[in-house]
């Protein structure tokens, strides 16, 4: 009986260990950056996605692409050692209108399908209100 219990415990431990992934793992603090409502005059459009290599091997970000030319991402040049953090900077051109963009990150991470992670940008850029000092102010009826 003791041998059977030992054998079952050994098999359970072996199966559990075989499912543990070895290699680099990428974990983002957040996969979405919200610009909120902003103007081109008040915002340079630069945001940062921070991530950590939670695996046991160096993480290599091989490519970072945007869905359009109005958003320019930059990837880390060097591998990210286990336990270290990295960043992906994104510059949006701040054209007026809604912001709905996706950044695709390719890496050697084993914890995401194909090593690919989709990051999102959202928000809205509004035109700065023009103030004409010569324009007559509207006033209510006199009381």
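The values are calculated or read from the model by the stated rules, or taken from the named source; none is laboratory data. Being a predicted model, the structure only gives us computed values, none of them experimental. Heads up, the Cβs are rebuilt from the backbone with ideal geometry, glycines too, and the neighbour counts pull from every protein chain shown.
Determine which single condition residue 93 fails, assuming it passes every other condition in (1) under 18 Å from residue 36 (Cβ atoms); (2) touching a helix residue (DSSP H, G or I) at 6+ places or on another chain (Cβ under 8 Å). Only one criterion in (1) under 18 Å from residue 36 (Cβ atoms); (2) touching a helix residue (DSSP H, G or I) at 6+ places or on another chain (Cβ under 8 Å) is unmet by residue 93, namely (2).
Condition check ((1) under 12 Å from the mean Cα position of the chain (by Cα); (2) surrounded by 15 or more Cβ atoms within 10 Å (Cβ to Cβ); (3) over 19 Å from residue 24 (Cβ atoms)) across all residues:
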{"residue": "63", "(1), (2), (3)": "no, no, no"}
{"residue": "69", "(1), (2), (3)": "no, no, yes"}
{"residue": "78", "(1), (2), (3)": "no, no, no"}
{"residue": "81", "(1), (2), (3)": "no, no, no"}
{"residue": "85", "(1), (2), (3)": "no, no, no"}
{"residue": "88", "(1), (2), (3)": "yes, yes, no"}
{"residue": "97", "(1), (2), (3)": "no, no, yes"}
{"residue": "101", "(1), (2), (3)": "yes, yes, yes"}
{"residue": "105", "(1), (2), (3)": "yes, yes, no"}
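Close Cβ contacts (under 6 Å, 6 or more residues apart or on different chains) running from residues in segment 40-64 that are at positive phi to residues that are surrounded by 15 or more Cβ atoms within 10 Å (Cβ to Cβ) and part of a strand (DSSP E or B) comprise 45/91; 45/92. Considering (1) at pLDDT below 95; (2) surrounded by 10 or more Cβ atoms within 10 Å (Cβ to Cβ); (3) under 25 Å from residue 96 (Cβ atoms), say which one residue 21 fails and leave the rest. For residue 21, the exception is condition (3).
Per the conditions (1) modelled with pLDDT of 95 or more; (2) surrounded by fewer than 12 Cβ atoms within 10 Å (Cβ to Cβ); (3) not in a strand (DSSP E or B), the sole criterion not satisfied by residue 129 is (1).
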